[in-house]
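The structure appears right after this line, and notes come after that.
Here, each number is a calculation from the coordinates, and none is a lab measurement. Only a predicted model underlies this, so the values are computations on that prediction, with no experimental measurement involved. Neighbour counts run over all protein chains shown; Cβ positions are idealised from the backbone, glycine included.
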Amino acid sequence: MRDQLDTMLSSSSDAARPVDLDQPIGRVSRMDALQQQSMVAANRASARLRRKQVDAALRRLDEGDYGDCASCGDPIAPRRLAAHPEAPLCVACQGRRER
Ligand SMILES: [Zn+2]
């Protein structure tokens, strides 16, 4: 997963560059380009966050406390880990944080 995220981040860095508004490409294609650029930027932001969580999960794996919630210390549900192996928090703590 870490390699995938790295590949995604390095291959999308060009597309995330700010749109050159002086480029003579027409108004509609410029709006397309801006929309495209902000989508890529949002994807990259979430990939960077995930990349950090993957690193942290690998560290916890090394330290032997992988699968424990980083906030309350309770075990994270196996189904949650199966869907998000990098999840640092149990469902309850994640929910509390998002609220
Ligand atoms: Zn928790």
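Annotations for the structure displayed:
- For the residues 57, 82, 45, a GNM of the chain with alpha-carbon springs under 10 Å puts the largest fluctuation on 82.
- Phi angles of segment 38-51 translate, via the Karplus equation with coefficients 6.51, -1.76, 1.60 and θ = phi - 60°, into HN-Hα couplings of 6, 5, 4, 4, 5, 4, 5, 4, 6, 5, 5, 4, 5, 4 Hz per residue; Gly and Pro are given as x.
- For residue 89, distant residues with modelled amide H under 5 Å away: 70
- Ratio Rg/Rh [Cα only; Rh per Kirkwood] for the chain: 1.16
- Report summary: the helix-based calculation at 222 nm, which adds -39500 (n - 2.57) for every DSSP H run with n ≥ 4 and divides by the residues of the chain, gives -20000 deg cm²/dmol.
- Overall form of segment 56-95 per C-alpha gyration tensor (a/c, 1.5; a/b vs b/c): oblate
- Think of each Lys and Arg Cβ as +1 and each Asp and Glu Cβ as -1; about the Cα centre, that makes the dipole of the chain roughly 340 debye.
- Residue-wise HN-Hα couplings along segment 76-89, as the Karplus relation 6.51 cos²θ - 1.76 cosθ + 1.60 with θ = phi - 60° gives them from phi, are 7, 4, x, 5, 5, 5, 5, 7, 9, x, 8, 4, x, 10 Hz; Gly and Pro carry x.
- Taking 0.36 nm per residue of sequence separation and removing the Cα-Cα distance, the residue 99/residue 21 pair yields an extension gain of 24.3 nm.
- Cα-based helix-to-principal-axis angle, 2-11 vs the chain, degrees rounded to 10: 10 degrees
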